[in-house]
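Okay, structure first, notes after.
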Amino acid sequence: MKALILVGGFGTRLRPLTLSVPKPLVDFANKPMILHQIEALKAIGVKEVVLAINYQPEVMLNFLKEFEEKLGIKITCSQETEPLGTAGPLALAREKLVDESGEPFFVLNSDVISEYPLKEMIEFHKSHGGEASIMVTKVDEPSKYGVVVMEESTGKVEKFVEKPKLFVGNKINAGIYLLNPSVLDKIELRPTSIEKEVFPKIAAEQQLYAMVLPGFWMDIGQPKDYITGLRLYLNSLRKNSSSKLAVGSHIVGNVLVDETAKIGEGCLIGPDVAIGPGCVVEAGVRLSRCTVMRGVRIKKHACISSSIIGWHSTVGQWARVENMTILGEDVHVGDEIYSNGGVVLPHKEIKSSILKPEIVM
């Protein structure tokens, strides 16, 4: 089996992190976002992953070479010269996706994090015999999304309603698809949307089926959702493989700590924290709902909550960093500085407090 991951554009919503690496390589729970998906695909027997990409393919491929060997899976790129939306890239990668086996292939949105029940999805796809399967997830506020209206018993999709004013259902497209090769005949090589143009066509032919995603789902393409996604992901780790989570008197709730990180005396860490490789957390530090990426140093008695600390940054003694502060790579926050929602571009030194959410160039 093969899979296509829609990597797409510049990751502007996750700047300043994406100024250092393409978005799929931004760490999430101590490994690049895209690796969560590639590992899940490998686990169910996918042999080849194609990345649909229009930005920095060299960086992506160089990086993924080492994982190709480690995971024993072929990773190639299909590069667009102009943005082709969410369906155009499938037409562009047609030669890579289709072979004589006629097997269906997966398509995944690179921002989506979940428990990836791909094995169940293959069984579902075989059982209904339609042309395409999509995962849907239940949400509390369907009016912000495109809602999938489906037959509860069979999963057959009737129609899509974009940002409904009246309640038509609470299931939305979760960005994970399993498609027969024949779907490619319906896609032209031009900028086009799989959600708005291709799927409605297949649904009208009664060939589109939706499976409700068990477990959690999050699109982590922007900081607020990234932090929420980390909470949901760690929660799912607690259920499924709790041995990966940190334990100790200084840990509260779900915390992921890389084995090479060092944590000082008298810290209080958690809930919902990820600490990456080579980090140094000095004595008396308080961390909650945050991600601390590779090579960061957090000095004594600093307090960080609801924030993302980019690679190789430092946070000074008694500093307080909170309210969706995002530090890009190699940012240095001085001692006793307060950051309230500052978004700081890479290679910057912060010598005075950021009192309200703003971008620091």
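Observations
- Number of the condition not met by residue 240 [criteria: (1) under 18 Å from residue 121 (Cβ atoms); (2) in the same structural domain as residue 84 (by the TED database)]: (2)
- Strands (runs of 3 or more DSSP E) within region 269-361 that include 2 or more residues open to solvent by less than 10 Å² (accessible area, probe 1.4 Å) and not hydroxyl-bearing (Ser, Thr, Tyr): 273-275, 286-292, 303-309
- Qualifying residue in region 120-132 (condition: assigned to a helix (DSSP H, G or I), out of contact with any helix residue (DSSP H, G or I) (no Cβ under 9 Å at 6 or more places or on another chain) and open to solvent by less than 10 Å² (accessible area, probe 1.4 Å)): yes
- Number of positions in region 58-117 that are closer than 20 Å to residue 133 by Cα, out of contact with any Ser or Thr (no Cβ under 7 Å at 6 or more places or on another chain), open to solvent by 30 Å² or more (accessible area, probe 1.4 Å) and not in a strand (DSSP E or B): 6
- Neighbours by Cβ (under 7 Å, 6+ apart or cross-chain): first from region 350-361, under 19 Å from residue 15 (Cβ atoms); second part of a loop (DSSP other than H, G, I, E, B) and among the charged types (D, E, K, R): 360/348
- Single match in 159, 171, 163 (criterion: basic (Lys, Arg), within 17 Å of residue 147 (Cβ to Cβ), surrounded by 18 or more Cβ atoms within 10 Å (Cβ to Cβ) and assigned by the TED database to the domain that holds residue 17): 171
- Candidates 144, 186, 156, 165, filtered to the one that is farther than 24 Å from residue 37 by Cα and modelled with pLDDT of 90 or more: 156
- Residue count, region 139-195 (criterion: touching a residue at least 24 places away in the same chain (Cβ under 8 Å), over 29 Å from residue 92 (Cα atoms) and among the basic types (Lys, Arg)): 1
- The number of residues in region 1-22 being in contact (Cβ under 8 Å) with a residue 12 or more places away in the chain, in contact with a Phe, Trp or Tyr (Cβ under 8 Å, 6 or more places away or on another chain) and part of a helix (DSSP H, G or I) comes to 1.
- Among residues of region 200-212, those that are modelled with pLDDT of 90 or more and crowded, with 17+ Cβ neighbours inside 10 Å, counted: 6
- Hey, residue 89 at pLDDT 90 or above and of a type outside the set (A, V, I, L, M, F, W, C) or not: no
- Among the candidates 44, 38, residue that is open to solvent by 20 Å² or more (accessible area, probe 1.4 Å), at pLDDT 90 or above, on the phi < 0 side of the Ramachandran plot and touching a helix residue (DSSP H, G or I) at 6+ places or on another chain (Cβ under 8 Å): 44
- Selection within region 26-57 - part of a helix (DSSP H, G or I) and within 22 Å of residue 86 (Cα to Cα): 33, 34, 35, 36, 37, 38, 40, 41, 57
The values are calculated or read from the model by the stated rules, or taken from the named source; none is laboratory data. Bear in mind the structure is a predicted one, so any value in this text is a computation, not a measurement. We place every Cβ from the backbone using ideal geometry, glycine too, and count neighbours over all the protein chains shown. Ligands, DNA and RNA are stripped out before the accessible areas are found, and what is left, the full protein with its side chains, is counted by its heavy atoms. Shrake-Rupley method; radii C 1.70, N 1.55, O 1.52, S 1.80 Å.
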